[in-house]
Each structure stands twice: as C-alpha cells, then as structure tokens.
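The values are calculated or read from the model by the stated rules, or taken from the named source; none is laboratory data. Only a predicted model underlies this, so the values are computations on that prediction, with no experimental measurement involved. No Cβ is skipped: glycine too gets one built from the backbone with ideal geometry, and neighbour counts run over all protein chains shown.
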Amino acid sequence: MKLDLSEIARTVGMRATHDVDEPCFPEDTELSCVSPIKGRLEIANTGSLVLVNGKIKADVRLTCSRCLTDLVIPVEAQVDEQFRLVQVGDAWMVMSEDEDEAASDLVENNILDVEELLRQNLLVAIPIQPLCTRDCKGLCPTCGQNLNSGQCACPPEVVESPFQALADLLKEE
C-alpha cells in the first residue's frame, strides 16, 4: 500500500491518522504472518519533519531456536519514523532522514511505502531466539531427538573439565 504525503508536506501542523489492516507479505521469506497486520499510524508535519508514529501487530510463524518446531507468536512493533521536509521550488518534498538505502526505499516522490514500513518494523520486533516454551529442552546433540517429547537412549555426554587435575589433587589428600 502506498500513502501520498503531499498534502501533509504542504501544511505545517497537519496531522492524519491511518488505520492499518494489511495482509501479510506472501513472497517474503524472512517474515511469515498468519494474520493480517493491524494497527494505527499517526502522521504529523512539524515544519521541518514528517513524523510517522504508531503501533502495529501481527501473528508471525517462527521456528523454535532450540527444538526447531514451528510456532506462532504475536509480535507488536512500535513505529517511530521521521522524514525531512525539503522545499524544491514551490513544492515540499518528503525525504529520508537517513542516507542509507533501506530508509530511502520508504519514501519516493512524497509517496510512503506503508508495506515496506510495516515489514521493516515487524522484522525488528521479532525475538532473536524464539522459544516454543520457556523450558524448551532442545534437541539431543548426538541423535537429534526432540528432548521435549522424551529422553533419548544416548549415553550422557562426559565433559572434560579444565579443573579436573585440581579435583584429583583434592581426592589424594
């Protein structure tokens, strides 16, 4: 979805609200939503900046980082973006605040790419290591069995301690 910011860019102090109810991104391999993205964005002209603030949420399909099972978690993201206002002749243009390429993809010719804005903010809000449960036991490092479904038949792993020599000295005394 594209949102035209031309009128807001022309009028200092103007505010607008945009309700978000967008389908998820089917071709995106980094973000797999199972529900539409919902939320509200507030857009305001401060005179030198256009501010885009709001909250969005969606249910996202992820993989547990310990046991590799699929899970669906609700993800909420806070949207806080700002864009510079630059006068070009008689018109005001909304420009990216940052000079990097990712931020400049959001606004072009006063058109805000809402879909890309939502995608970027949801990706940042996803947990780095999602877990199916807090006490997920993970996979057996030897056979790969999911330890949440039961203990495997592998013998316990013996870990050599760097302090074993000291423990042996204590046993001798």
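Within the stretch 1-26, if we keep just the residues that are of a type in the set (A, V, I, L, M) and part of a strand (DSSP E or B), the residue that is surrounded by the most Cβ atoms within 10 Å (Cβ to Cβ) turns out to be Val20. Taking the conditions (1) surrounded by 15 or more Cβ atoms within 10 Å (Cβ to Cβ); (2) touching a strand residue (DSSP E or B) at 6+ places or on another chain (Cβ under 8 Å); (3) modelled with pLDDT of 90 or more in turn, Ser96 satisfies each one other than (3).
Looking only at the stretch 71-93, residues that are acidic (Asp, Glu), out of contact with any Lys or Arg (no Cβ under 9 Å at 6 or more places or on another chain) and not in a loop (DSSP other than H, G, I, E, B) come to 2 in all. Residues that are within 17 Å of Leu3 (Cβ to Cβ) and surrounded by 15 or more Cβ atoms within 10 Å (Cβ to Cβ) within the stretch 56-81 comprise Ile56, Val79, Glu81, listed in sequence order.
For Gln145, are the conditions met, namely being out of contact with any Lys or Arg (no Cβ under 9 Å at 6 or more places or on another chain) and either free of Cβ contacts under 8 Å to residues at least 12 places away in the same chain or polar (S, T, N, Q) (or both)? Yes: the conditions hold for Gln145. Selection of the stretch 27-41 for residues being modelled with pLDDT of 90 or more and assigned to a strand (DSSP E or B) yields Ile37, Lys38, Gly39, Arg40, Leu41.
Yes or no, residue by residue, for (1) on the phi > 0 side of the Ramachandran plot; (2) in contact with a strand residue (DSSP E or B) (Cβ under 7 Å, 6 or more places away or on another chain); (3) polar (S, T, N, Q):
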| position | (1), (2), (3) |
| --- | --- |
| Ser6 | no, no, yes |
| Arg15 | no, yes, no |
| Glu42 | no, yes, no |
| Val52 | no, yes, no |
| Thr63 | no, yes, yes |
| Val72 | no, yes, no |
| Gln78 | no, yes, yes |
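Of the residues making up the stretch 49-70, just one is among the polar types (S, T, N, Q), in a strand (DSSP E or B) and more than 15 Å from Pro127 (Cα to Cα), namely Asn53.
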